[in-house]
Amino acid sequence: MFKTDQAKGLVLTTLGALAIVPDSLFVRLIGAEALVVAFWRALFVGLGITLVILVMRGPSAFRAVFGTGFYGALYTVCMSASGLLFVLAVSLTSVANVVFIIASMPVFAAIFSRIILGEQISRRMVWTILAVVPGLAIIAYGSGETKGASVTGDLLALLVSAVYALGLTAARKVRKVPMVPAVGLGYLASAGGIMLFVDPFVVSHQQVSLSLAHAAFIGLSATFMALGPRYIPSAEVALLLLLESVLAPLLMWVAMGEVPGGWTLTGGAVVLGALALSNWSAMRASRRRPVGPLPH
């Protein structure tokens, strides 16, 4: 079907990026309290991933995760928290603000990689950080003038970016162990915690159906994004992930009439432009280096 591994990786990663684009739209369409939406999102995604892992790999996959100790636990907690924080952020500010701010994740990943893994922050990433921070400031500045936006929601989106980047860095610390089972456990833990604060079962059948469809898209995205990076460099993966930041606000504009404000578009352009240029530079550098054959 695919002539090269490069083509396979590009297609799989693109499908993964596209499948996550409606995430924010589903949060809006379900129309329930934010914590209720977060519960069903976490429950269905957690159950789906956990059942698939149990069928395909058995309990040993979970025992391997438990054996990773502190960093495995940190990754699980970060996955659990990021899903909840994302729904809360979307409920409090505009989707454009959320996705543009979350696009800053590579900046946090570079900082946490320096702290946890001892990796040097490259000159390219330093320039990226210096460009992204003003873009985020522009978005925050304009939140007071953009309909449906708020600084509180923007701060939660920034927290999503930082928490998820911390989780990814923790996963790299224990990279020899596949951490997909921890995602399922983290989402299930999040669902259990939310039940302490709200009654998530006061919803209509239509809202539950939308929640199932919501979880299906997230599951598809997680599957494709787990497969795609096996065939293409991480810089190309990061570049394709910017598709969500571009397409999600457009989808909300068309489907819900949620118009991004001028400040949001300006700040978003600065953030995405800096990241796209940074990732393109990294992609060119990786293509100059010889790459060994993919293990079969």
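Here, each number is a calculation from the coordinates, and none is a lab measurement. This structure is a prediction, so every number in the text was calculated from the model and none was measured. Please note: Cβ atoms are built from the backbone with ideal geometry, for glycine as well, and neighbour counts cover all protein chains shown.
Rank Leu188, Leu159, Leu117 by mean-square fluctuation in a GNM of the chain with C-alpha springs under 10 angstrom and give only the top-ranked residue.
Between Leu188, Leu159, Leu117, it is Leu117 that shows the largest mean-square fluctuation.
Picking from Leu247, Leu84, Leu275, which is most flexible by a Gaussian network model of the chain using Cα springs under 10 Å?
The residue that fluctuates most here is Leu247.
How charged is the neighbourhood of Leu130? Take every other residue with its Cβ under 15 Å from the Cβ of Leu130, and add Lys/Arg as +1 and Asp/Glu as -1.
Working: positive: Arg123, Arg124; negative: none.
The answer is +2.
When only C-alpha pairs under 8 Å and at least 6 residues apart count, what is the relative contact order of the range 5-288, in percent? Mind dumping the intermediate values first?
Numbers: 418 pairs, mean separation 115.7, N = 284.
Relative contact order comes out at 41 percent.
Based on Cα positions only, what radius of gyration and what Dmax would you give for the chain, in angstroms?
18.8, 57
Given all pairs of different Cα atoms, what value in angstroms does the Kirkwood hydrodynamic radius of the range 20-109 take?
Values: mean 1/r = 0.0670 Å⁻¹.
Value: 14.9 Å, from the Cα pair sum.
Among all helices in the chain defined by DSSP H, which have a length of 20 Å or more along the axis from Cα atoms plus a Kyte-Doolittle mean of at least 0.0?
Numbers: long enough: 5-19 (21 Å, 0.78); 34-57 (34 Å, 2.10); 70-92 (32 Å, 1.76); 123-142 (30 Å, 1.34); 151-173 (33 Å, 1.23); 180-194 (22 Å, 1.37); 205-227 (33 Å, 1.02); 234-256 (33 Å, 1.87); 262-288 (39 Å, 0.38).
Qualifying helices, which must be both long enough and hydrophobic enough, are 5-19, 34-57, 70-92, 123-142, 151-173, 180-194, 205-227, 234-256, 262-288.
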